[in-house]
Amino acid sequence: DQQVKQNSPSLSVQEGRISILNCDYTNSMFDYFLWYKKYPAEGPTFLISISSIKDKNEDGRFTVFLNKSAKHLSLHIVPSQPGDSAVYFCAASETSYDKVIFGPGTSLSVIP
Amino acid sequence: DSGVTQTPKHLITATGQRVTLRCSPRSGDLSVYWYQQSLDQGLQFLIQYYNGEERAKGNILERFSAQQFPDLHSELNLSSLELGDSALYFCASSQTSRLPNEQFFGPGTRLTVL
């Protein structure tokens, strides 16, 4: 049973446009969400996070939106750059339960 | 460079064998996590250690075991290997054991079981 889902395995976006990566979760006890980015032959790197007490967190070109009632979060990248081409993992955790659950990832290609 | 090192980078072995994967966390980090990434799968959490003690367990098979040593490096032992154990194994570290925290990942060890 996949608790964190990323239903789009891949996404292609033109340089300069907005990239929107989606993530859905099933466990209502999740209270902290993270996005990681992974380049080939490297480990994932932390990108941005959001606590369940917020509905938006912004860091430069990256914004994460959380809709708790829909159990849905999204990562917006504006403007998209070719260097953003990578696999993006959505992850969720329950602070009372020491595990982080990762989604299967979405491969983003930003076309110059 | 995350500061987390993993050796070896690649490992090719046969079914039934046993291998050991090694991880050195970032300087100052007390927590080490192990993850498995199979083809088309997300990162599956295996196990977490904090300052030498097991803290949390995920989907780790009984054939797998791990430990964290006094110098804080960690080893993941995989035994009686099966074809399905072929995967990327990542180690991550963080300063604390409590979530939420930011985990820093190593480059991974690619295990191929033939």
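The values are calculated or read from the model by the stated rules, or taken from the named source; none is laboratory data. In this text the structure is predicted, and so the values were computed from the model without any measurement. Heads up, the Cβs are rebuilt from the backbone with ideal geometry, glycines too, and the neighbour counts pull from every protein chain shown. Please note that ligands, DNA and RNA were not included when accessible areas were found on the heavy atoms of the full protein model with its side chains. Shrake-Rupley method; radii C 1.70, N 1.55, O 1.52, S 1.80 Å.
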Subject >> Residues along the stretch B:21-50 losing 20 Å² or more of accessible surface when the other protein chains are present rather than the chain by itself (probe 1.4 Å) >> reply: B:35, B:37, B:42, B:43, B:45
**OP:** Give the residue from B:114, B:95, B:81 lying farthest towards the positive end of the charge dipole for the stretch B:36-114; charges sit on Cβ (+1 for Lys and Arg, -1 for Asp and Glu) and the dipole is referred to the Cα centre.
**Re:** B:95
**OP:** Have a look at the stretch A:38-58 and report residues whose accessible surface goes down by 20 Å² or more when the remaining protein chains are included, against the chain on its own, probe 1.4 Å, ligands and DNA/RNA excluded.
**Re:** A:38, A:41, A:43, A:44, A:46
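With +1 on each Lys and Arg Cβ and -1 on each Asp and Glu Cβ, and nothing else charged, work out how big the dipole of the stretch A:19-98 is about its Cα centre, in Debye to the nearest 20. Kindly include the intermediate steps, with their values, before the conclusion.
Values: 7 positive and 9 negative charges, 35 e Å.
Computed charge dipole of the stretch A:19-98: roughly 160 debye.
Percent relative contact order of the stretch B:44-99, based on C-alpha pairs within less than 8 angstrom and at least six residues apart? Walk me through the numbers before you get to the answer.
Details: 60 pairs, mean separation 14.2, N = 56.
Dividing the mean separation by the residue count of the stretch B:44-99 yields 25 percent.
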Original post:
Relative to the Cα centre, what is the charge dipole magnitude of chain B, using +1 at the beta carbon of each Lys and Arg, -1 at the beta carbon of each Asp and Glu, and rounding to the nearest 20 debye?
Top reply: 60 debye
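So which trypsin sites (Lys or Arg not before Pro) in the stretch B:30-114 are both in a DSSP loop and have at most 15 other Cβ atoms within 10 Å of their Cβ?
Passing both the DSSP loop test and the Cβ count: B:63, B:98.
Under a Cβ-only charge scheme (Lys and Arg +1, Asp and Glu -1), can you give me the dipole magnitude of the protein assembly as shown about the Cα centre, in debye to the nearest 20?
On the way: 19 positive and 22 negative charges, 39 e Å.
Computed charge dipole of the protein assembly as shown: roughly 180 debye.
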Original post:
Percent relative contact order of chain B, based on C-alpha pairs within less than 8 angstrom and at least six residues apart?
Top reply: 37 percent
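Considering only protein heavy atoms and a 1.4 Å probe, what is the carbon-and-sulfur percentage of the accessible area of chain B?
Details: 2520 of 5440 Å².
Accessible surface attributable to carbon and sulfur in chain B totals 46 percent.
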Original post:
Too long at a 22 Å Cα-Cα cut-off: which of A:5/A:99; A:54/B:57; A:68/B:57; A:38/A:68; A:37/A:99?
Top reply: A:54/B:57; A:68/B:57; A:38/A:68
Original post:
Alpha carbon centre of the stretch A:72-93 versus the stretch B:1-40: separation in Å?
Top reply: 25 Å
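Express the relative contact order of chain A as a whole percentage, based on alpha carbon pairs under 8 Å and six or more residues apart in sequence. Can you show the working numbers first?
Working: 276 pairs, mean separation 41.5, N = 112.
Contact order relative to length: 37 percent.
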